[in-house]
């Protein structure tokens with residue numbers, strides 16, 4: 001994959017945009033594939049970019065893509081120091097030169113400012129809550145199941161199978177109810193410390209909840225303390241990742 | 001607790017964000033990005049496993065542009081029929097009986113065919129020729145396979161997640177209005193003649209909720225294998241090659257009920273394993289004899 005920062009004449013040039021920050025900053029760092037990253041200001045905001053060919057970064061080599069993505073994040077991390085940065089998604093390349101980026105900033109200025117206001121002083125965190133249904137189920141005290149288990153011991157194996165199926169179904173339903181209840185509880189608990197919560201898809205079997213949260217800097221510690229409590233509940237565990245740039249809230 | 005951004009632990013979180021989220025510039029001033037989400041899809045697939053992607057419907061999230069690109073890419077390489085459209089692909093392997101070997105490639109679902117491709121078409125069948133599908137476990141390999149009945153022939157497929165493969169194939173067939181017949185055990189046996197069959201209880205191994213359970217089904221003795229078919233799940237749950245059977249005998253059912261007799265069949269799996277069947281004593285004795293007769297060395 002050849003993506004050189006030097007723009008050749010015969011090729012159309014472009015600008016890879018990492019983020020937009022709320023201050024006119026002088027920025028000089030290395031980005032994707034050691035490209036020179038710099039800033040293009042408009043009024044009090046500026047876009048953090050590097051010059052490239054107007055061609056997407058594309059590769060079948062996952063290691064290469066991973067490196068790009070980590071570089072993308074590094075630039076945004078650096079740009080966020082002391083500023084509020086709107087992160088762009090990977091591979092946003094504006095066709096043309098600095099001028100085009102400038103025009104884009106100008107056109108989108110109001111909109112970008114609104115977004116900056118929304119995320120100012122806040123960071124994004126990922127919270128994933130896992131539960132062990134076996135442990136939870138073992139603690140459920142359900143009268144019907146007790147009765148069924150009792151009856152089952154007195155019956156032949158043919159019928160026992162049906163009893164077992166019945167118990168399984170009841171357990172399943174009870175667990176679903178529990179999941180609903182826990183989800184709501186955890187959601188409202190986390191909501192107390194978050195400006196906004198996005199409910200994400202569950203990605204693993206034993207995942208009960210997956211949230212992206214926009215959190216004010218001064219509330220992160222308290223949120224961590226609450227999550228600790230969940231993490232200590234028997235049968236539950238919590239993954240707390242971040243701080244991320246507020247990708248989910250722009 | 002403190003939030004973490006330790007790289008290995010959070011790579012997937014990072015990818016989710018950088019590839020799927022973040023500000024998007026409206027399309028008219030950026031370079032054509034149609035192909036780009038593919039990077040994300042490919043990379044996340046590599047990390048999460050292609051099956052997970054399918055499972056969570058990420059493939060369906062591809063918008064039309066991406067589909068168009070992948071159609072184009074496919075067109076260049078794949079010999080598609082006129083009017084044939086790809087609706088999905090999944091990595092799978094197929095047992096090539098003549099070569100006695102597994103051949104791996106991308107299994108494509110189209111509106112006309114299912115075919116396996118790697119540089120060339122390794123296997124293909126028209127959708128309407130597929131008559132039945134079942135999952136069965138190969139005791140020796142300790143893995144499940146999919147058996148497809150296609151006209152008069154049975155072919156075997158494997159994928160990392162066999163249930164997804166089943167949904168992948170079955171979903172496609174059903175989408176085109178073809179109803180697979182209820183699982184017929186006969187075809188599973190790949191031309192093996194069924195020697196004998198009876199209703200039989202089988203002691204299913206422990207799962208999440210229970211230690212062990214007796215389950216109703218049908219036991220089949222074929223020329224090369226012993227099969228147990230689960231009447232509830234309508235699938236073959238157990239396949240024991242006859243030549244792996246080490247011992248067969250009638251025992252008391254312990255610790256459940258000592259008055260009850262069970263048929264214990266021991267075979268060489270990854271270690272010596274024993275599985276239990278139950279029915280009237282008379283039927284169990286019949287099966288004890290049948291299996292002993294079928295075994296290469298008298299037990």
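Could you grab me the full set of residues in the stretch B:204-214 that are within 21 Å of the chain's Cα centre (by Cα) and modelled with pLDDT of 70 or more?
Step one: list which residues in the stretch B:204-214 are within 21 Å of the chain's Cα centre (by Cα), which gives B:204-208.
Residues satisfying the conditions are B:204, B:205, B:206.
Can you name every residue in the stretch A:82-138 that is more than 18 Å from the chain's Cα centre (by Cα), under 22 Å from residue A:210 (Cα atoms), in a helix (DSSP H, G or I) and more than 9 Å from chain B (Cβ to nearest Cβ)?
A:135, A:136
Look through the stretch A:42-63, keep the residues that are more than 10 Å from chain B (Cβ to nearest Cβ) and either out of contact with any strand residue (DSSP E or B) (no Cβ under 8 Å at 6 or more places or on another chain) or touching a residue at least 60 places away in the same chain (Cβ under 8 Å) (or both), and return whichever of them is farthest from residue B:14 (Cα to Cα).
By that ranking, first place goes to A:43.
Within the stretch B:155-173, which residues are surrounded by 18 or more Cβ atoms within 10 Å (Cβ to Cβ) and over 8 Å from the mean Cα position of the chain (by Cα)?
Once the filter is applied, which keeps residues that are surrounded by 18 or more Cβ atoms within 10 Å (Cβ to Cβ) and over 8 Å from the mean Cα position of the chain (by Cα), the stretch B:155-173 yields B:155, B:156, B:168, B:169, B:172, B:173.
Please go through (1) in contact with a strand residue (DSSP E or B) (Cβ under 7 Å, 6 or more places away or on another chain); (2) part of a strand (DSSP E or B); (3) modelled with pLDDT under 90 for residue B:259 and return the number of the only condition it doesn't satisfy.
With (1) in contact with a strand residue (DSSP E or B) (Cβ under 7 Å, 6 or more places away or on another chain); (2) part of a strand (DSSP E or B); (3) modelled with pLDDT under 90 applied to residue B:259, the lone miss is (1).
Inspect all residues belonging to the stretch A:224-237 and state whether any of them is in a strand (DSSP E or B), in the same structural domain as residue A:134 (by TED's automatic domain parsing) and in contact with a helix residue (DSSP H, G or I) (Cβ under 7 Å, 6 or more places away or on another chain).
As a first pass, look at the stretch A:224-237 and keep what is in a strand (DSSP E or B): A:236-237.
With the extra rule that they be in the same structural domain as residue A:134 (by TED's automatic domain parsing), the set shrinks to A:236-237.
Narrowing further to those that are in contact with a helix residue (DSSP H, G or I) (Cβ under 7 Å, 6 or more places away or on another chain): A:236-237.
Within the stretch A:224-237, one or more residues are in a strand (DSSP E or B), in the same structural domain as residue A:134 (by TED's automatic domain parsing) and in contact with a helix residue (DSSP H, G or I) (Cβ under 7 Å, 6 or more places away or on another chain).
How many residues does the stretch A:33-69 contain that are under 24 Å from the mean Cα position of the chain (by Cα) and buried (at least 20 other Cβ atoms within 10 Å of the Cβ)?
Number of matching residues: 8.
Just a yes or no: is a residue in the stretch A:218-233 under 24 Å from residue A:115 (Cα atoms), buried (at least 20 other Cβ atoms within 10 Å of the Cβ) and more than 9 Å from every other protein chain (Cβ to nearest Cβ)?
No: the stretch A:218-233 contains no residue that is under 24 Å from residue A:115 (Cα atoms), buried (at least 20 other Cβ atoms within 10 Å of the Cβ) and more than 9 Å from every other protein chain (Cβ to nearest Cβ).
Which condition does residue B:16 not pass, out of (1) at pLDDT below 50; (2) within 14 Å of chain A (Cβ to nearest Cβ), if it passes all the others?
(1)
Looking at the structure I just gave you, is residue A:212 modelled with pLDDT of 85 or more and in a helix (DSSP H, G or I)?
Here the answer is no, as residue A:212 does not meet what is asked.
For the stretch A:14-24, check the following and say yes or no: at least one residue is modelled with pLDDT under 90 and touching a strand residue (DSSP E or B) at 6+ places or on another chain (Cβ under 8 Å).
Yes, the stretch A:14-24 contains a residue that is modelled with pLDDT under 90 and touching a strand residue (DSSP E or B) at 6+ places or on another chain (Cβ under 8 Å).
Only residues that are crowded, with 20+ Cβ neighbours inside 10 Å and either at pLDDT 80 or above or within 11 Å of chain A (Cβ to nearest Cβ) (or both): list them for the stretch B:174-203, please.
Of everything in the stretch B:174-203, those that are crowded, with 20+ Cβ neighbours inside 10 Å and either at pLDDT 80 or above or within 11 Å of chain A (Cβ to nearest Cβ) (or both) turn out to be B:200, B:201, B:202.
Among the residues of the stretch A:155-162, are any in a loop (DSSP other than H, G, I, E, B), within 24 Å of residue B:230 (Cα to Cα), assigned by TED's automatic domain parsing to the domain that holds residue A:229 and free of Cβ contacts under 8 Å to residues at least 60 places away in the same chain? Write out each step before concluding.
Quick first cut of the stretch A:155-162, residues in a loop (DSSP other than H, G, I, E, B) only: A:155-156.
From what is left, the residues that are within 24 Å of residue B:230 (Cα to Cα) are A:155-156.
Pick out the ones that are also assigned by TED's automatic domain parsing to the domain that holds residue A:229 and you get A:155-156.
Then drop every residue that is not free of Cβ contacts under 8 Å to residues at least 60 places away in the same chain, which leaves A:155-156.
Yes; the residues of the stretch A:155-162 include at least one that is in a loop (DSSP other than H, G, I, E, B), within 24 Å of residue B:230 (Cα to Cα), assigned by TED's automatic domain parsing to the domain that holds residue A:229 and free of Cβ contacts under 8 Å to residues at least 60 places away in the same chain.
Against the conditions (1) outside any helix (DSSP H, G or I); (2) touching a residue at least 24 places away in the same chain (Cβ under 8 Å); (3) at negative phi; (4) facing chain B (nearest Cβ under 9 Å), where does residue A:242 fall short? Just the number, please.
Exception for residue A:242: condition (3).
Filter the strands (runs of 3 or more DSSP E) completely within the stretch B:55-149 down to those with at least 3 residues that are at negative phi, outside the structural domain of residue B:235 (by TED's automatic domain parsing) and at pLDDT 80 or above.
On the way: elements: B:86-96, B:101-110, B:113-118, B:120-126, B:130-138.
Per the criteria, B:86-96, B:101-110, B:113-118, B:120-126.
Would you be able to say whether some residue in the stretch A:160-182 is closer than 30 Å to residue A:217 by Cα and either within 13 Å of chain B (Cβ to nearest Cβ) or exposed (fewer than 15 other Cβ atoms within 10 Å of the Cβ) (or both)?
Yes, some residue in the stretch A:160-182 is closer than 30 Å to residue A:217 by Cα and either within 13 Å of chain B (Cβ to nearest Cβ) or exposed (fewer than 15 other Cβ atoms within 10 Å of the Cβ) (or both).
The values are calculated or read from the model by the stated rules, or taken from the named source; none is laboratory data. What you are looking at is a predicted structure, and each value in this text was computed from that prediction instead of being measured. Using ideal geometry, Cβ is built from the backbone for each residue, glycine included, and neighbour counts are taken over all protein chains shown.
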